[in-house]
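Reading through the structure tokens given below for one structure.
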Amino acid sequence: MDDGTLQTNAQAAALKAVKGMNDILPNESALWQAFYRTAEYVLARHGFAYMQTPILEHTQVFVRGIGEVTDIVEKEMYTFTDHLNGDMLTLRPEGTAACIRAVNEHHLLHDGPKRVWYQGPMFRHERPQRGRYRQFHQLGIESLGFAKADADAELIMLTHALFKSLHILDGLVLHINNLGDAAHRRAHKEALIHYFNQHHAQLDEDSQRRLHTNPLRILDSKNPQLHELIEAAPRLADYIDGEAAAHFETLCQLLDALGIAYQRNHRLVRGLDYYNRTVFEWVSDELGAQGTLCGGGRYDPLMALMGGKDAPAVGCAMGIERILALYAAHFQAPQNIDAYLVYVGEAAQKAAFALARDLRALGAHIVMHIAPQEMQSLKAQMKKANQSGARFAMILGDDELSKGVISIKNLRHEHQQQTLPLSQVNAVYDHISASYI
Ligand code: AMP
């Protein structure tokens, strides 16, 4: 925009973020970083490798990967035409479809199964409320190429370990269910359609529509008036047998052996078409309506559905904002500034910059005083040092400079002020990083 007038006008208006899309401000970022650090650590200990896909994909990735008859694809995607070439593009609403697109495109399973994870912003045009945003962040975990229930158990065990590390496990309940295989669901679906048709007049508008598109979703309805009708509906569990039943039995046995408590929730179906056998969710009752922290399950048909080689898989995604809403109560932001460096005079300024550089190279966290305009008085600088949260103030005035020393004042305790030679950077470092403070 090279039109000066236009630019001035644009600057005059108060600019705001898009509704439902949040900034992560400096006073919140330590919490986010602590979460990512913990997650990275737990994932690495389970042998999962990080991967990253673009935020934009061809719309077809999600239409095929999530399913046409889903809330996400029907009404929540940010889709637009790339006016440079006419491509239909979509801001990713979730991570699995894009991950599978990448795995297929790069033949990642050519030498065997893979355990991967990713994280980043996702976009859904939902009605914003507490715990529900239009840009939110997910951490996704996928075990690709593993057919057996041990992979399902490992994934749940991993999420359990992560929530334990974050000290939020106590308030969470693990719901699990078995969706069986396609033939089981077909038989159940027919029974459901028959049942709901018999009670057609009792269904709300949404459910009447779903009866012919995706009747399983009726079971997911939050409408309390449908509660009784749904409770009495034919249960999928009664239609599952053979390997699919044994798969779920093995999962339950592994979870029992690990002492991981769970609730069998027959109503848990998850919104997406491609799930089979295991589905699970971690739910908190402290977050109001948006209490699901993490959801996942097995999706054996998806790889082939997206044009890749047939391969089984199981995965899950967790909503980071919701996890942080719980984790915040257990998190104390670290005060990790070792020293605030104040100085008076231009000669001292040069020496101070060099000292800060040398101390940082040794590993110290140093904040240097930067005056808003003119060089400030020692008193004004010391006030800033006290406000900074640093453990020490390091002072380099005319007097210190002429003697070739630095004064170090403990800001947390009434210790005597120390003076050390400027040339002994290691001694200064030892002093300000000593752990007894
Ligand atoms: P889903 O991909 O819908 O299974 O979502 C997985 C997890 O992402 C959920 O359990 C939530 O924790 C989180 N999540 C989904 N949608 C939103 C949203 N609009 N805002 C915040 N978190 C969300």
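The values are calculated or read from the model by the stated rules, or taken from the named source; none is laboratory data. For clarity, every value in this text was computed on a predicted model and none was experimentally measured. Because the Cβ atoms are built from the backbone with ideal geometry, glycine has one as well, and the counts that use them run over all protein chains shown. Please note that ligands, DNA and RNA were not included when accessible areas were found on the heavy atoms of the full protein model with its side chains. Shrake-Rupley method; radii C 1.70, N 1.55, O 1.52, S 1.80 Å.
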## Note on the structure
The simple spin-label model distance between Lys19 and Asp82, using points 7 Å out along Cα→Cβ, in nm, is 3.0
### Summary
Helix-only [θ] at 222 nm, the chain, -39500 (n - 2.57) per DSSP H run of 4+, per residue, nearest 500, equals -11500 deg cm²/dmol
### Query
Among residues other than Ser221 whose Cβ falls under 10 Å from its Cβ, what is the net charge (Lys/Arg +1, Asp/Glu -1)?
+1
### Query
Given a Förster radius of 41 Å and the C-beta distance between Ala187 and His46 as r, what FRET efficiency does 1/(1 + (r/R0)^6) yield to the nearest 0.05?
0.65
### Query
Among all the lysines, which ones have a C-alpha under 19 Å from Lys379's C-alpha, if same-chain residues fewer than 8 places away are not counted?
Lys409
### Task
State the extension gain, in nm to one decimal, for the chain segment bounded by Ala347 and His227, taking 0.36 nm per residue of separation less the distance between their alpha-carbons.
35.5 nm
### Query
Cα-Cα over 22 Å: which of Lys75/Lys222; Lys75/Lys189; Lys114/Lys164; Lys19/Lys75?
Lys75/Lys189; Lys114/Lys164
### Query
Within the stretch 14-57, which trypsin sites (Lys or Arg not before Pro) sit in a loop by DSSP and count at most 16 neighbouring Cβ atoms inside 10 Å?
Lys16, Lys19
### Task
Determine the per residue accessible area of the stretch 291-437 with all protein chains present and a 1.4 angstrom probe, expressed in square angstrom.
51
### Query
Any idea which of Ile323, Leu91, Asn27 is furthest toward the positive side of the dipole for the chain, if Lys and Arg beta-carbons carry +1 and Asp and Glu beta-carbons -1?
Asn27
### Query
Say R0 is 30 Å: what FRET efficiency, to the nearest 0.05, do His330 and Ala354 get from their beta-carbon distance?
0.15
### Message
Taking the alpha-carbon distance from Lys309 and a cut-off under 15 Å, which aspartates and glutamates remain once sequence neighbours fewer than 8 residues away in the same chain are dropped?
### Response
Glu105, Asp111, Asp300
### Summary
Rounded to a whole %, the carbon-and-sulfur portion of the accessible area of the chain at a 1.4 Å probe is 51
### Query
Largest first, how would Met21, Met157 line up by accessible area (1.4 Å probe)?
Met157, Met21
